[in-house]
1. Restricting attention to region 185-203, which residues are of a type in the set (A, V, I, L, M) and within 16 Å of ligand 1 (Cβ to nearest atom)?
2. Check off (1) open to solvent by 10 Å² or more (accessible area, probe 1.4 Å); (2) within 13 Å of ligand 1 (Cβ to nearest atom) for Lys13 and give me the number that stays unchecked.
3. Does any residue of region 239-250 turn out to be under 22 Å from Asp115 (Cα atoms) and out of contact with any strand residue (DSSP E or B) (no Cβ under 6 Å at 6 or more places or on another chain)?
4. Go through the residues of region 90-105 one by one and say whether even a single one is without any contact (Cβ under 8 Å) to a residue 12 or more places away in the chain and either part of a loop (DSSP other than H, G, I, E, B) or not β-branched (Val, Ile, Thr) (or both).
5. Mind listing whichever residues of region 59-78 are assigned to a loop (DSSP other than H, G, I, E, B) and either under 19 Å from Ile133 (Cβ atoms) or in contact with a Lys or Arg (Cβ under 9 Å, 6 or more places away or on another chain) (or both)?
6. If I ask for residues that are assigned to a loop (DSSP other than H, G, I, E, B) and charged (D, E, K, R), which ones from region 1-58 would you list?
7. For Cys120, only one of the following conditions fails: (1) away from ligand 1 (no atom under 16 Å from the Cβ); (2) of a type outside the set (D, E, K, R); (3) buried (at least 17 other Cβ atoms within 10 Å of the Cβ). What is its number?
8. Tell me yes or no: at least one residue of region 270-293 is more than 21 Å from Lys256 (Cβ to Cβ), out of contact with any Pro (no Cβ under 6 Å at 6 or more places or on another chain), without any contact (Cβ under 8 Å) to a residue 60 or more places away in the chain and among the acidic types (Asp, Glu).
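The values are calculated or read from the model by the stated rules, or taken from the named source; none is laboratory data. The shown structure was predicted, so the numbers you read here are calculated from the model rather than taken from an experiment. All Cβ positions, even for glycine, are placed from backbone atoms using ideal geometry, and neighbour counts span all protein chains on display. The protein model used for the area step is the full one, side chains on, heavy atoms only, and it has no ligands, DNA or RNA in it. Shrake-Rupley method; radii C 1.70, N 1.55, O 1.52, S 1.80 Å.
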Amino acid sequence: MKIHEYQAKNLLKEYKIPIPKGSVARDVHESLKIWDDMTGIPVVVKAQVHSGGRGKAGGVRVINSREELKDYASSLIGSIIYTEQTGGDGKPVDCILIEEALDIKKELYLGFTIDRSHACISMIASAEGGVEIEKVALASPDRVVVQNIDPLLGLRDFQVIRTLLKTGMHIKIVRKIGAIANALYKLFIEKDCSLAEINPLVITEKDEIVALDAKINFDDNALFRHPDIASLRDYNQENPLEVEATRYNLNYIKLKGNVGCMVNGAGLAMATMDLIKFVGAEPANFLDVGGGATSKMIEEGLKILVSDRDVKVILINIFGGILRCDTLATGVVEAAQHLNIHMPIIIRLEGTNVEEGRRILAGSNLKFTVARDMGEAAEKVAEALRIRG
Ligand code: GDP
Ligand code: MN
């Protein structure tokens, strides 16, 4: 789960990591009130969306007058912002963060994330933080220093100091940044994060160290331990179809292609997506209805696929184990009757009660193409796409 920058900064504050003074506004009136309270200082206005890259997309601006704030706040609040990370749908700006502007001497990077290949948390630091960190990481990877952390030993002081010195940070600031690194690691562990990143962590002209931006993501499977964090969830920032899917316990992730897939089991779903790509098509989603899906869940899953405007063909690939093929067939037939589906549906069924499942499909007088195996199913998908152009 993701949260907004201002929410992440509240957490940093809880862990004694310095953040700029500021408040959140949901309309122009609130924005001007914050300006009046802050009197006489330039402020930074920042769009609050679940995405990085806001600076480059025009979502972060230094503001010097009340008039300028009024104009910018009214253009930003209620708009949609498109960053390198949001893709074509963008993210709605429902609120903005207004903070004192700082005089920046240097922008650093500090973060913790999970390194899946080493099965551990790793600390990442760079003396060249800011909006170009991805470019730095690509062009000169040695300037981004990574330290893997032993899960049993935790983050050791010598690792923190060594990592920061390797980035080229001056010895004088290493202790101060080290304290922030330790606090951020503590937060990461205690709140079950999957990412905790400060970019930039700035050194100001007055030599203060302040977290200017923060991005914190959480492990969904641990949210039950953190009701306070779960309550920060902002559904407006999430894909509406993905939100709908979670209501029915469906494992759904929207992707960029046009073949809607419904599969049971994550492994089979991955294999199905591979096959779709193999025949030159692109999956529109990942959808694992799970082992114990009911016909109601099948119907809701199909509804989600149909309401995705990108979907041109639907492929249902089910291996009946706990989910029996007749349950699936019933769900599909009922859904198709309610939904008035106009696109081709290709079904591959195998496993428990397969004959019964096929009989239900055949007797439904709805049009489905039934494939004998996964390979044939993928070919039929490609064929259907060719016919529809
Ligand atoms: P992001 O683009 O979504 O990562 O948004 P950030 O909050 O990181 O802001 C992007 C950039 O805006 C920062 O790297 C800074 O260079 C600049 N910026 C943000 N706040 C301030 C500020 O208070 N003063 C100055 N001078 N620049 C700022
Ligand atoms: Mn940033």
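1. Selection gives Leu195, Ala196, Ile198, Leu201, Val202, Ile203.
2. (2)
3. No, that holds for no residue.
4. Looking for residues that are without any contact (Cβ under 8 Å) to a residue 12 or more places away in the chain and either part of a loop (DSSP other than H, G, I, E, B) or not β-branched (Val, Ile, Thr) (or both), one finds at least one in region 90-105, hence yes.
5. Gly59, Ile77
6. Lys16, Lys21, Arg26, Asp27, Arg54, Lys56
7. (3)
8. For region 270-293, residues more than 21 Å from Lys256 (Cβ to Cβ), out of contact with any Pro (no Cβ under 6 Å at 6 or more places or on another chain), without any contact (Cβ under 8 Å) to a residue 60 or more places away in the chain and among the acidic types (Asp, Glu): absent.
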